[in-house]
Amino acid sequence: QAQEAGSRAATPAAEGRSGSLGDAQDYTVTSFPSSGEWRISENWCPSEKEAAEWPTSVRIRESIVDDHRCCAVATNTVDTWRKTGRHRITFAAWQAAGESDDPSSAWCRVLIHPSSFVASACSLCGLVVLLFDLTVIPVALAWDMPLTGGLWLMTLISCIFWTLDIIVSFMTGVQKGENVEMRFCKVAGHFACSNLVPDLLMATCNWVSFALEEVYNSDSTGSALRLIRFAGVSKLLRSAGLLRFLRVFRLIEAKVESTLSDTTLIIYKCIIIISGVIWVNHLVGCAWFALGKNGPSDTGMRWTQSTVNTGCCAVDFMETSGYFQYTTALHWSFAQFTLGAIEVSPQNGYERVFNIIYLAVGVIFGSTLISSLSARMVDYQMTQKTRNDQLSRLRRFLRESNVNQVLAIRVLHEARRRLSVQEAVQERDVLVLQKISRSLLLQLRVEMFTPQLHTHPLFRLLISCDTSIMRAICMEVIQSSTLLDKDELFSAEATSDRAYYLSSGCLQYVQEPATSPAPVDGRTVLVEPGAWLAEASLWSHWTHVGTAKATSPCRVLALAADDLGAALRRSSDMREVVSEYCRQFHKRIVSARPPVAAWPDDLQVPHASYEELVLSMSPTVQSTVGLISLDQWYDMHPQWGMRMHLRPSLKSKRDRLRDEVMAGTSRVILNPEGQLERVVSVVVLQVTTRDDKVLVELGKMSEGDAKIKASCRLPACKQGHSETLVEALEQLLSMFGLSGKSSDVRELQCEVECRASEDYGIQTKYLRRLHSLSLCEEDLTLPVVRPPHRPSTSSLSIIKPMQRFPSLRVSSRRERREAERIDLENISAYWASNGSKKALFAWLPQKTFQVLSSSSSGGSDLAAWLETLAQEELQVLEF
């Protein structure tokens, strides 16, 4: 199948290559890294057949590539996009449509989602202010603390916050069952009918209390001021205390439960219960002191009028320190709560009624507290009992099996460590999810898995243009799993039909010389979150060549290849794109072997990046991918439409780029960051000899050109349609009659350069692959170019001595000395052609090449020499 795909791609590749000698002008290579050597382990001893066939023997995944069903779609896909343009709804628009009935409304962009970070931050700020109000204000009211210093500042912040909170409440969406209401009129109406009046009263009382505290300082206004502040506190307790506190507390509790272990969670809940008891007794103690100080009395006596015996004398209670007064009131509150005894007793009827009521509340609340704490402790004991029972059974098993003591200790240690780690809850463990509707479960899985799928450019392309594929992949293809420390994700020599995405945690990938063509000392790689593993399993019948083991608790998503093929069959438009991607990926697998490329493994396949795969696809699929990418870009950046109305030049650039994409002359993709890029791939060949010479392109010309244009660079060509890098390199070698030398080529490096394109208004990425080849000058069997006959010389020369061009002057002494040391009299030049483009090549010493390519004087000398060539004397070889 790979050979058939290669034969089908031969014609478009040749068409895309026409003029490759002249089109690969956007590169410059003047450095020469040393050739890399592939070290293959001597311990890897496969059979002769395996050594000759792997990875060539790797078969393509038939469930993905179905040529008989896709052949009709291949010719119609790009035509469909040409006619309809943006005919697929994007994921962002689909998600917005599910959240609001009017996603195009401008208010949807202003309103705050109740589950967003902004809403959570506002709730946390409200919790902090609320805790201050509920803790400090009761003390300030009971002890008549002056509003100065830090208390004045915090009171002002509280007033401002609760006023702004009313505005934020008008702009925060409302959760209604499964959906979120994000229409401003509905949100405002809901808030106006529920919490607007209590919030307004609370904010008004706070501001009035703060203003009166600032204006009046006399005793005559003290009682009125206390009443107003008490009204503000009452509103705070009834509205914010019961509504906001409980709501924010639930959010925090849900977050804590998802992060803490079972034991830590039990301790956390016990701390919360005890803190709640202390806070309630704090409020009651402040109320008890305020009642004894300012409350009515039917007997003329109050409990605060008692005396304190200090041993030598009696002191009035109100003359003691505020700290003693507060702790005494708090002690009384705890005594009534726990049915204890204290020397403080009520002195009038109002105090006794308050005491009776709180005793009744304490009985109920105290019993509830004891039962809650007991339940938490029982849960902890049951958890520990289950753990101890498992360890006890393991000890018994090891003892009855006569296991060596050293090994038994290791097993017990590992078991204790595993039992102490809280495992993540899997979807299959949550039985209640089976009771919710399928549509809601679909939205849940889409929300869970779409961010991870967006990290892969192909899946980003699929799920953004066809929601049916997105739903099918999220519901049927992806399975989530967790790994503990030292768990294996996969092992070497195991057949695989799944690709993996590491969502969290770290993995260690190890290749052993005995199970893979790894280096002699093996290979170990630390895999970090966000990496894809064993992607080759989706597109071929892959066998793992390494072992992936967890180094920390990990969450991994697995994509089944057969299920993915079944999901892709539902989309007729995108099926051919995936099939072509699969064919090109498989071609990289079977051709990845030294010296052309590195061996493939579970982490990467050489030359299988998204950009390189798209560049090798057929012209129709390339146009489809380009048009979809353009439409996605304009959908994600609606501001470009406004800019095009204001600047017509941008619209003309967009139209020109779209026309070139449809014509197949430009390749456009969305990179993993979601940015639009125009991609150009160039293959560069560095041919050297033993005497330190390099083959250099001196000049080029096209049909109709009157003279040769100086270039002075390494031979290069663009990667054509439906063509891999290996095939492009083979075409470049065949230009010089070196087709049989492809096995001697070494890949040196890949250079990536990104720069803005003024012609298209987007970024252009240039991928330059530099290859090296060592030859003798005699191996290049091309016709030699003879310069025009001159009586003064009969030898071939590209650049004559400096006196030959007296009008040319070297700008610096250093360049003059460099030029004088270069002997160019015995250099041979060759003339080669590829269709309508022709180029002149020559063997140059590397020092000469550097001077000609880097200095202005060298370029002038080369241009002057090229002008002296007589066109009728050039022998042209047609290929």
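Some observations on this one:
- Segment 418-461, residues that are part of a helix (DSSP H, G or I), within 23 Å of M382 (Cα to Cα) and without any contact (Cβ under 8 Å) to a residue 12 or more places away in the chain: D429, L431
- Condition check for V527: surrounded by 18 or more Cβ atoms within 10 Å (Cβ to Cβ) and modelled with pLDDT under 90: no
- Identity of the residue in segment 165-194, modelled with pLDDT of 75 or more and more than 15 Å from L111 (Cα to Cα), that ends up surrounded by the fewest Cβ atoms within 10 Å (Cβ to Cβ): C193
- A count restricted to segment 661-692 and to residues that are of a type in the set (D, E, K, R) and either surrounded by 22 or more Cβ atoms within 10 Å (Cβ to Cβ) or within 33 Å of the chain's Cα centre (by Cα) (or both) stands at 4.
- Yes/no for S321 being more than 30 Å from G366 (Cα to Cα) and not aliphatic (A, V, I, L, M): yes
- All positions within segment 703-720 that are polar (S, T, N, Q) and at pLDDT below 80: Q719
Conditions tested, residue by residue: (1) in contact with a strand residue (DSSP E or B) (Cβ under 9 Å, 6 or more places away or on another chain); (2) at pLDDT below 80.
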site: S722; (1), (2): no, yes
site: E730; (1), (2): no, no
site: Q749; (1), (2): yes, yes
site: G761; (1), (2): no, yes
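- Residues satisfying the stated conditions in segment 326-349, i.e. assigned to a helix (DSSP H, G or I) and closer than 20 Å to G300 by Cα: G349
- Any hit, segment 485-495, residues being under 21 Å from E528 (Cβ atoms), crowded, with 19+ Cβ neighbours inside 10 Å and touching a Lys or Arg at 6+ places or on another chain (Cβ under 8 Å): yes
Residues are listed down the side, and each one gets a yes or a no for (1) more than 22 Å from L141 (Cβ to Cβ); (2) at pLDDT below 90; (3) among the charged types (D, E, K, R):
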| residue | (1), (2), (3) |
| --- | --- |
| N294 | no, yes, no |
| D298 | yes, yes, yes |
| T307 | yes, yes, no |
| C313 | yes, yes, no |
| F324 | no, no, no |
| L330 | no, no, no |
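- Residue in segment 493-523 that is nearest to the chain's Cα centre (by Cα), counting only those that are within 23 Å of S481 (Cβ to Cβ) and among the hydroxyl-bearing types (S, T, Y): S503
- Some residue of segment 210-229 being in a helix (DSSP H, G or I), of a type in the set (A, V, I, L, M), closer than 19 Å to G126 by Cβ and modelled with pLDDT of 75 or more: no
- Residue within segment 735-745 that is aromatic (F, W, Y) and modelled with pLDDT of 70 or more present: yes
- From the options K653, K700, residue that is modelled with pLDDT under 85, among the basic types (K, R) and within 30 Å of Q850 (Cα to Cα): K700
- Some residue of segment 383-399 being outside any helix (DSSP H, G or I) and modelled with pLDDT under 85: no
- In segment 354-376 there is no residue matching the filter, namely being in a loop (DSSP other than H, G, I, E, B), farther than 26 Å from N294 by Cα and either out of contact with any Pro (no Cβ under 7 Å at 6 or more places or on another chain) or not small (G, A, S) (or both).
- Verdict on V180 being within 17 Å of P114 (Cβ to Cβ), aliphatic (A, V, I, L, M) and not in a strand (DSSP E or B): no
Yes/no per residue for (1) part of a loop (DSSP other than H, G, I, E, B); (2) of a type in the set (A, V, I, L, M, F, W, C); (3) over 17 Å from R678 (Cβ atoms); (4) modelled with pLDDT of 85 or more:
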| site | (1), (2), (3), (4) |
| --- | --- |
| P600 | yes, no, yes, yes |
| V605 | yes, yes, yes, yes |
| D631 | no, no, no, no |
| W640 | no, yes, no, no |
| R643 | no, no, yes, no |
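- Among the numbered conditions (1) more than 26 Å from S481 (Cα to Cα); (2) modelled with pLDDT under 85; (3) out of contact with any helix residue (DSSP H, G or I) (no Cβ under 9 Å at 6 or more places or on another chain), the only one that V421 does not meet is (1).
- Test: R658 is within 30 Å of V745 (Cα to Cα), under 29 Å from the mean Cα position of the chain (by Cα), modelled with pLDDT under 85 and of a type in the set (D, E, K, R): no
- Residue selected from segment 109-152 under the condition hydrophobic (A, V, I, L, M, F, W, C), in contact (Cβ under 8 Å) with a residue 12 or more places away in the chain and not in a helix (DSSP H, G or I), by the criterion farthest from A329 (Cα to Cα): L111
- Among the residues of this structure, R410 does not count as one that is touching a helix residue (DSSP H, G or I) at 6+ places or on another chain (Cβ under 9 Å), surrounded by 10 or more Cβ atoms within 10 Å (Cβ to Cβ), of a type in the set (D, E, K, R) and at pLDDT 80 or above.
- Entirely in segment 513-562, the strands (runs of 3 or more DSSP E) that have 1 or more residues that are of a type outside the set (A, V, I, L, M, F, W, C) and under 19 Å from H456 (Cβ atoms): 554-560
- Segment 269-314, residues that are among the charged types (D, E, K, R) and out of contact with any Lys or Arg (no Cβ under 9 Å at 6 or more places or on another chain): D298
The values are calculated or read from the model by the stated rules, or taken from the named source; none is laboratory data. Since we're looking at a predicted model, the values are computed, not measured. Glycine also receives a Cβ, built like all others from the backbone with ideal geometry; neighbour counts cover every protein chain displayed.
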